[in-house]
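In what follows, a structure is listed as structure tokens, so that the remarks can point back to it.
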Amino acid sequence: MPATITIETHQNEFLPAEGRTVDAVLTVTGSGVAGGGAAPTSRTDTAEIILIDASGSMSGSKLVAAKEAAAAAIEALPDGVAFGIVSGDTGARLDYPSGNELAVSSPRTRRAAQNALRSVRAGGGTAIGVWLTLARTLFARRGAAINHAILLTDGANGEAEKTFNDALAPCVGQFVCDSRGVGTGWVARDLIKIAEQLHGTASGIPDPRDLTADFVAMTSAAMSKNLAGVALRVWTPTGARVQFVKQVHPEITDLTDRRTDVSARIGEYPIGTWGAETREYHLRVDVEPNPVGEEMLAARVSVVHGEDVLAQSLVRAVWTDDMASSTRLNRQVAHYSNETELAEAIQAGLSARAAGDVEQATARLGTAVRLASEAGREDTAKMLAKVVDVIDERTGTVRLRSVAASIDVEMAAVGSRKTRQVRRESSD
């Protein structure tokens, strides 16, 4: 069934006299996936690679759980999907199939791959860029339309930052990658960088026993996709400037620097591979002020696949001297502005903590505690309470814990990107 995508604009279009900043939240919804999101029975246009950390620190229960999770993910693959299993340390090996090409999913190949997992052994260091490079090569050889990888690690990447960045950059736009940390030794920074650059998700799994359910969920979600290479195309009038474009749900990702200019007034922002799902984006545009009573088109936003326009929505600006109209907060814009502020406070606080700046870390994490309380984000509040002692959540008065488990700090970092969708009970 072909994909159907819709886009809806949420904004307060009224600006005060001399106002120039226009904010809008764009809700993009994909549908048209067979079975309401369930994996089709055959997917010859899709490829899946599972990247398992096989460094020395994975030995024991973590590697056993990783193999079980990979086996379950393979079992969830529909017939026809190209797939492979890669284990990595300072190098990367295609454990299944043999050779240098991906296998095609069938009852026979799925069993063979599950058997091959038994031979994976732990040893050596961690070079995530090498693993990603092999995945990119394998995907390119297959040439499928939709490419997805799961990357699992339990430790910090041992590569120099430039080496890692140089390996990651060519992967952008070639495949989607969901990154996961298992146990307590992984580093959120590595997982987040992969997820942001490769349009995936990042998360930590402290208990290895939870890997199987997560791997199956990621595989099922990947198999529900049916359209790759989708972008937001943003037109703005002469004199206007796009200040930023951010995905704000389900995870926060800044797309601003990924703009590709189509013309002087049109830019495209990649939004990855789509199935039956909803994502939301915050667009901010600076425009030239007009007289009170005037109206203008501040932006035209299209969802495009190549040159095909799949959906389109308009962002308006109307100047008024009615203060009640110009100061009214749109619910979606206000909600995601708060969610983004919360995420930025957590990330800034954790960065300051890592740098040894106790005063700044306390201030920023205190702000995060206050914002979480105001937003009713009990999940985030519980996460932060493992990093700071909360004295008064209403004022954001906290004390930085002198000792906090490293896993709690990393979980707070990856968790900061995840947002709660705005309630839709009433209209704007």
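The values are calculated or read from the model by the stated rules, or taken from the named source; none is laboratory data. Keep in mind that this is a model prediction, so the values were computed, not measured. For neighbour counting, all protein chains shown are included, and Cβ atoms are generated from backbone atoms with ideal geometry for every residue, glycine included. Surface areas here come from the heavy atoms of the whole protein model, side chains and all, with no ligands, DNA or RNA. Shrake-Rupley method; radii C 1.70, N 1.55, O 1.52, S 1.80 Å.
Numbers below:
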item: From phi via Karplus (6.51, -1.76, 1.60), per-residue ³J(HN,Hα) for region 296-308 in Hz, x at Gly/Pro; result: 9, 7, 7, 6, 10, 10, 10, 9, 10, 10, x, 9, 7
item: Assigned charges on the beta-carbon of Lys, Arg, Asp, Glu; the chain dipole about Cα centre (debye); result: 1100 debye
item: Thr367, Thr397, reordered so the largest accessible area comes first (probe 1.4 Å); result: Thr397, Thr367
item: Antiparallel DSSP beta bridges within the chain, percent to nearest 5; result: 70 percent
item: Rounded to the nearest 20 debye, dipole of region 317-428 from Cβ charges on Lys, Arg, Asp, Glu; result: 320 debye
item: Hz values of 3J(HN,Hα) by residue in region 408-416 - Karplus curve (6.51, -1.76, 1.60), Gly and Pro given as x; result: 5, 5, 5, 5, 5, 5, 5, x, 5
item: For Gly91, distant residues with modelled amide H under 5 Å away; result: none
item: Carbon and sulfur %, accessible surface of the chain computed with the full protein complex present, 1.4 Å; result: 50 percent
item: Estimated vicinal HN-Hα couplings, Hz - region 115-120 in sequence order (Karplus 6.51, -1.76, 1.60; Gly, Pro = x); result: 5, 5, 4, 4, 8, 5
item: Above-threshold pairs, the threshold being 28 Å between Cα atoms, out of Lys162/Lys386; Lys225/Lys382; Lys67/Lys193; Lys193/Lys225; Lys67/Lys246; Lys162/Lys382; result: Lys162/Lys386; Lys225/Lys382; Lys67/Lys246; Lys162/Lys382
item: Relative contact order [Cα under 8 Å, 6+ residues apart], the chain, whole percent; result: 19 percent
item: Residues of the chain: accessible area per residue with a 1.4 Å probe, Å²; result: 43 Å²
item: Normalised contact order of region 371-416, rounded percent, pairs of Cα under 8 Å and 6 or more residues apart; result: 35 percent
